[in-house]
Each structure stands twice: as C-alpha cells, then as structure tokens.
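The values are calculated or read from the model by the stated rules, or taken from the named source; none is laboratory data. Please read these numbers as outputs of a predicted model, since none were measured by experiment. Every residue, glycine as well, gets a Cβ built from its backbone with ideal geometry; the counts of neighbours run over all protein chains shown.
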Amino acid sequence: MNCSGSPTVERTKQDFGFWIEEIIHSPSYPTTLPPYHPTTLPPSYPTTLPPSYPTTLLPYHPTTLTMLLITSTDTEAGKTVLTAALAAYGIKHRPQQNWGIMKPIQCGTGDREFYADIFDRVSADINPIYLDAPLAPPIAAAKAGVNIDLGIAWQALERMRKQHDMVLVEAIGGLGTPITDELVVADLARDWRLATVLVVPVRLGSIAAAVANVALAKQYGVKLLGIVLNCTAPISAAEIADLAPAALIQSLTSTPVLGCIPHVADLHDLDRLAAAAANLDLEILLPSAALSLVG
C-alpha cells in the first residue's frame, strides 16, 4: 500500500472496511497519512462506509481524535497532572468545546474527587467503577466480593463521547497495571481503540521505564501518540536533561516526546495547569478538528 498519498489500487465498497483496518494498524499511522476527505480522493473511491463498519469507533488519526487515554509507567507518575492540565487548557483556550473527563476504574479516594472539585463535575459521571481498597483492581474487587464489569465503564465512556467534543480518560496505575484477573490497562487501550499518551516521571530510572513501557505498548498493539515527561518535584533544566533526556528516549523508543510538564505545586490553580499544558505538542494531544465530531 502506498501510504504517502491516495491508494494506487481501486477499492470496492465491500473491502473498504478491511482497508481502513490495514491503515489503523500500520506502524506509521497516524502521522504519515493524509486526512480522508472526498475532495482529495479519486472519483472512483467510495465515500461512504459499508453498513457493517463500526461507526461508533473512530480511526486513529489526529484530525478525528475525540478520546485520549492518559496512562503512565507507574502510579504517582503524573497522569492526573496531565489530565487536569489538558482539561484546564481546553476549558480556558477552547471554551466553545465541551470537555469530558473520565476515570473508568478507581480504587480508593483521590482522582474522581479532585476532578469533581476543580472542574465542578459529578463524581459518578467521572468514575463508573469504584472500589474502596486502594489496591490493584482485581485485588480490591476480591476484597469487596464483587466482579469488575468493564461493560459498565465502556457504556459510560460511549455516553460521554456522544455528549462531548473531547474526552480525557485517565487510566488506573501504569500501562501494565491489572484491571481484572486477565486484563491489564494496555488491553483496555487496545480493545477500546483509544489513542494513548504515556506519562513518564522525571527521576532516576525514567529512561528504562520509558523503554519498557513503549515496548509493552507495541506488544499489545496500543496506538501510542507519544510520551510526556512530568516533573514530580521542582527540578532544574540541567537535571531534567540528565535524568530524562528527550532525544535519547526518542531514539531508544522510536516514539516522540511531546514535551515536559513543569512541577505544579497547586493542582487547584487552573491557570498554572493550563500554562503547563502549553509546553506540550497540543496539535497531537488536542487536535482542534475534534470540535466538529460530537455525536
């Protein structure tokens, strides 16, 4: 397949869906493919999808991104900081858009209460599955004597997607954190077809953690848009360069580093959070074209 321009072989409507799947799973997708628009396609190219194509799931492409999964190398790495920063930036600089925040699974108090507080949201809307024990979900569920039904979380996410222009989804723990006895976060990212960003905290071991988690993402078929570095404490530029050199991480992982979030002391300061997000490659993380894709 020629991925740098229009297809060289005429496709029929019957195999159009399979061709889309080929594109979605291309290693170079989404940055090397042009946007799909009838005005840029040859006359013979089918402009409508066959009835069997799952229209509720969107191809991974920056111009059609309406949901973003924020995951990390571990707990306390900065997922909440990045999620809050992106939401604060969107609300401040793109007020015409409707922003949703979801934490599909939460164990113990913390994130849903924080989001409900600073963004004036309802906790139940943010977090469809809650377990009391601050442990890995399958262990917390076993202690509570319940089963984790991911269908509940998926249905809640679908409802939120239909009601918002952009939904920021904060994962639990790290990319390899178990969510059931059989599945980890990487499985959820792949199966729910969520474009994903990996948060890597700036500290000793950051390089190895980034390499291992990007390898995990590739093994599971996660569509990883890039890496965001996060300063979990006040730190100098020289220290950042020593502990988490962006160029080296990019070279080792073949994954772009989309920026570095400076330490934010007060996470209730929406202006500081928005300013922190401004340090990132927002054309990848928050493409403006997402505005027109509600419904």
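Which condition from (1) modelled with pLDDT of 95 or more; (2) surrounded by 21 or more Cβ atoms within 10 Å (Cβ to Cβ); (3) in contact with a strand residue (DSSP E or B) (Cβ under 7 Å, 6 or more places away or on another chain) is the one that Ala290 breaks? Only one criterion in (1) modelled with pLDDT of 95 or more; (2) surrounded by 21 or more Cβ atoms within 10 Å (Cβ to Cβ); (3) in contact with a strand residue (DSSP E or B) (Cβ under 7 Å, 6 or more places away or on another chain) is unmet by Ala290, namely (1). There is no residue in segment 125-136 that is farther than 26 Å from Ala217 by Cα and among the hydroxyl-bearing types (Ser, Thr, Tyr). The condition of being farther than 30 Å from Asp117 by Cα, crowded, with 19+ Cβ neighbours inside 10 Å and over 18 Å from the mean Cα position of the chain (by Cα) holds for only one of Ile207, Ile249, that being Ile249. Among residues of segment 90-119 that are free of Cβ contacts under 8 Å to residues at least 40 places away in the same chain, those with a beta-carbon under 6 Å from a residue that is surrounded by 16 or more Cβ atoms within 10 Å (Cβ to Cβ) and outside any helix (DSSP H, G or I) at least six positions away or on a different chain give the pairs Arg112/Lys103; Arg112/Gln106; Arg112/Asn127; Tyr115/Ile101; Tyr115/Arg121.
Applying the selection to segment 159-171, what residues are farther than 19 Å from Gly108 by Cα, in contact with a strand residue (DSSP E or B) (Cβ under 6 Å, 6 or more places away or on another chain) and either charged (D, E, K, R) or in a helix (DSSP H, G or I) (or both)? So that I can check it myself, show each step before the final result.
Step one: of segment 159-171, the residues farther than 19 Å from Gly108 by Cα are 159-168.
When the remaining residues are screened for being in contact with a strand residue (DSSP E or B) (Cβ under 6 Å, 6 or more places away or on another chain), the result is 160-161, 164, 166-168.
Those that are farther than 19 Å from Gly108 by Cα, in contact with a strand residue (DSSP E or B) (Cβ under 6 Å, 6 or more places away or on another chain) and either charged (D, E, K, R) or in a helix (DSSP H, G or I) (or both): Met160, Arg161.
Of all the criteria given as (1) in contact with a Cys (Cβ under 8 Å, 6 or more places away or on another chain); (2) of a type in the set (Val, Ile, Thr); (3) part of a loop (DSSP other than H, G, I, E, B), the one not satisfied by Val228 is (3).
Of the residues Ile148, Ile207, which single one is in contact with a Ser or Thr (Cβ under 6 Å, 6 or more places away or on another chain) and without any contact (Cβ under 8 Å) to a residue 60 or more places away in the chain?
Step by step, each of Ile148, Ile207 is checked, and only Ile148 is in contact with a Ser or Thr (Cβ under 6 Å, 6 or more places away or on another chain) and without any contact (Cβ under 8 Å) to a residue 60 or more places away in the chain.
Could you tell me whether any residue of segment 172-194 is surrounded by 22 or more Cβ atoms within 10 Å (Cβ to Cβ), in a strand (DSSP E or B) and on the phi < 0 side of the Ramachandran plot? Checking segment 172-194: not a single residue is surrounded by 22 or more Cβ atoms within 10 Å (Cβ to Cβ), in a strand (DSSP E or B) and on the phi < 0 side of the Ramachandran plot. Would you check if Gly259 is buried (at least 16 other Cβ atoms within 10 Å of the Cβ), on the phi > 0 side of the Ramachandran plot and either of a type in the set (Gly, Ala, Ser) or touching a Phe, Trp or Tyr at 6+ places or on another chain (Cβ under 8 Å) (or both)? So Gly259 passes the test.
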